[in-house]
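Here is the structure we will look at.
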Amino acid sequence: MLLFGFLLFKCMDTSAQEFKVNASYAYLYSSQLDKAIQTYNFTRPILTEKQPLLTNGLNASVSYIFRNDKHIKHGINFSYAYFRSWAENKNFSNQLNLHVANLGYLLHYENPEKCKGFYSELIVSATSSLLYKVLNDEPFVYDETLSKSFGIGGAVQLKLGYSFQLKNKCYLSPFLSFAYTPYLFSPNNEAVINQTKGLVCRNWTEILTAQFGLAFHVRR
């Protein structure tokens, strides 16, 4: 997905009205991931340090907005987020790594005559994820295979921001966004986290995320 997104953005560079790079803190909530980690902690009472939930992460994204004289513009967005859960106990450390990538269609609304600087975006995207475990600084192998879980689904995101002009055609904007993935098919998440399957979790999960960060714009 990363390679496809890069090639698509490259091909459409000549028709872009605005190019934007975002960096943000991301907060994630997933009931099924939480349940798997909570089960892992409950079934291992000897742990002195419990495994934290996969909640805090970082997000980066790029957007192309196509040339259009209207207040509503169309574009393409690619984003990547990383979430980590790490705990160290006697004689071992356990780390969970969650990678989430989105490639989607963007609607950008901005009306300088009414609300100068303010803008909103609606993004509908395809979502993919990868979850894996690192035990004692080594990728965890279970049943003679690398323990990992792939996921696929769809997401919708609403973003609100306010842009400040730096100089020439460059802008900076703080933003806040919320995203919802109603269905992410990821049947092996429980196996990666707790080495069980179908015991406490479904083979899919929903995901809610909230982000706040900064965006750098170049407008033509």
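Quick notes on this one:
- Length gained on full extension, GLN195 to TYR82: 38.5 nm, using 0.36 nm per residue less the C-alpha separation.
- Computing mean projected area of the Cα convex hull in nm² directly from the structure and comparing it against (1) 21.2; (2) 13.6; (3) 14.9 singles out (2).
- Dipole-positive endmost among GLY151, PRO182, ILE193 within the stretch 86-220 (Cβ charges, Cα centre): PRO182
- Most fluctuating residue given options LEU184, LEU47, LEU106, as computed from a GNM of the chain linking Cα atoms under 10 Å: LEU47
- Using the average count of surrounding beta-carbon atoms within 10 Å as a protection proxy, the listed peptides 55-61, 84-90 rank, highest first, as 55-61, 84-90.
- Against the chain, whose longest principal axis comes from its Cα atoms, helix 2-11 is set at around 10 degrees.
- Electrostatic dipole magnitude of the chain [Cβ: Lys, Arg +1; Asp, Glu -1; Cα centre; debye, to 20]: 660 debye
- Using alpha-carbon coordinates, inclination of helix 31-42 to the longest axis of the chain, degrees: 30 degrees
- Whole-percent carbon and sulfur share, accessible surface of the chain, 1.4 Å: 65 percent
- Other residues whose C-beta falls under 14 angstrom from the C-beta of PHE83 contribute a net charge of +1, scoring Lys and Arg +1 and Asp and Glu -1.
- Simple label model, 7 Å out from Cα along Cβ direction - SER31 to ARG67, nm: 4.8 nm
- GNM result for the chain, Cα springs below 10 Å: residue of ASN203, ASN68, ASN97 fluctuating most strongly: ASN68
- Sites TYR162 and ALA126 - FRET efficiency at Förster radius 30 Å, r taken between beta-carbons, to 0.05: 0.55
- Along each principal axis, taking the top coordinate minus the bottom one, the Cα set of the stretch 39-117 gives 63, 24, 18 Å in descending order.
The values are calculated or read from the model by the stated rules, or taken from the named source; none is laboratory data. Note that the coordinates shown come from a computational prediction; the quantities given were computed from them, not determined experimentally. We place every Cβ from the backbone using ideal geometry, glycine too, and count neighbours over all the protein chains shown. These area figures cover heavy atoms from the full protein model, side chains too; ligands, DNA and RNA do not enter into them. Shrake-Rupley method; radii C 1.70, N 1.55, O 1.52, S 1.80 Å.
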